[in-house]
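In what follows, a single structure is set out as structure tokens and then discussed.
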Amino acid sequence: MSIAFFDGRFMPLDEVRVSPLDRGYLFGDGVYEVVPVYAGRPFRMEEHLDRLDRSMDAIELAAPFPRERWRELLAELVKRNGGGEQSIYFQVTRGVAPRSHAFPVDAPPVVFMMSRAGGGGTPKPAAAITREDNRWDRCDIKSIALLANCLHKQAAVKAGASEAILLRGDVLTEGSSSNVFVVKGGQVSTPPKSSRILAGITRAVTLELMAQAGIPARERPVSRGELAGADEIWITSSTLEISPVVTLDGAAVGGCEPGPVWRTVHELLQGLKRSLKAA
Ligand code: PDD
């Protein structure tokens, strides 16, 4: 049984008991992060903690710990779960209080953290469908209220795919649990950061690696037509890494094979991971 951290202490995951009055449980009132761990170290931890701070600020949730305590807790959780490659999920909810929509005055936030064994593994070629993005307009907040995302993901699964790529009208936003890149004629594009998408850490790493390698990439609005006509589509996340999409709505993307630009950028990320192991 993996070791979790809940409400101030470490314990086996199956011993964690949540109050039904926790606002996370009743209202989805909380925010979260997912951090991949490579070579026993949380990857891009500061960026994840920065984003958590932004999410907490956005929902007026007081930080339960100073930054240094987060670092210690993450390191301890990784250690207690055997180091190596794993994935850490952690969330902060607004705490336990009588059910009332307005924020409670003095409920301490509740922190839950757990580890999943293994890292992302090798990204697999993915099938995706497109769906209308009917979520709210604060998708930049990494909220635990993910019902809309779950409905989109489930529609993808029902269609025999693994991701739903979302569009607001004619404009690409992101996947139900990923960011999206398109490649056309060697030019890589991804939608710009806005309140309509989550500012993915893997998205940022992907852009950074391409900039270092001199691969042209732009953050700019991408239309439905560009998505449908792309030579390559990738989805990125902390658990998927950079995954190639090989069919979209049942039609082949780039001859149904991961493309050459994906191969290069994927290899850059694997190189970065290897260098972390060697460090
Ligand atoms: N989700 N967009 C959405 C809606 C996401 O849920 C995620 C990640 C991303 C990619 O963000 P990052 O590269 O920082 O992981 C983009 C996580 C993995 C999840 O909910 O499990």
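Some points to look at:
- Being open to solvent by less than 30 Å² (accessible area, probe 1.4 Å), more than 27 Å from A279 (Cβ to Cβ) and more than 17 Å from the chain's Cα centre (by Cα) is a property that does not hold for G40.
- Candidate set from region 183-196 (those that are touching a residue at least 40 places away in the same chain (Cβ under 8 Å) and open to solvent by less than 10 Å² (accessible area, probe 1.4 Å)); member that is farthest from the ligand (Cβ to nearest atom): V183
- Those residues of region 197-219 which are charged (D, E, K, R) and either away from the ligand (no atom under 12 Å from the Cβ) or surrounded by fewer than 21 Cβ atoms within 10 Å (Cβ to Cβ) (or both), in sequence order: E208, R218, E219
- The listed residues are R168, R131, and the only one of them that is modelled with pLDDT of 95 or more, within 13 Å of the ligand (Cβ to nearest atom) and basic (K, R) turns out to be R131.
- Of the residues making up region 9-24, those that are over 22 Å from W70 (Cβ atoms) and of a type in the set (A, V, I, L, M, F, W, C) number 1.
- Test: residue in region 227-242 that is part of a helix (DSSP H, G or I), open to solvent by 60 Å² or more (accessible area, probe 1.4 Å) and within 18 Å of R168 (Cβ to Cβ): yes
- Selection count, region 80-128, where residues are more than 13 Å from the ligand (Cβ to nearest atom), under 21 Å from Y32 (Cα atoms) and either of a type in the set (F, W, Y) or not in a loop (DSSP other than H, G, I, E, B) (or both): 12
- Tally, over region 245-257, of residues that are within 22 Å of the chain's Cα centre (by Cα) and either basic (K, R) or buried (at least 22 other Cβ atoms within 10 Å of the Cβ) (or both): 1
The values are calculated or read from the model by the stated rules, or taken from the named source; none is laboratory data. Please read these numbers as outputs of a predicted model, since none were measured by experiment. Here the Cβ is made from the backbone with ideal geometry for all residues, glycine too, and neighbour counts use every protein chain on show. Heads up: the accessible areas ignore ligands, DNA and RNA and are worked out on the full protein's heavy atoms, side chains in. Shrake-Rupley method; radii C 1.70, N 1.55, O 1.52, S 1.80 Å.
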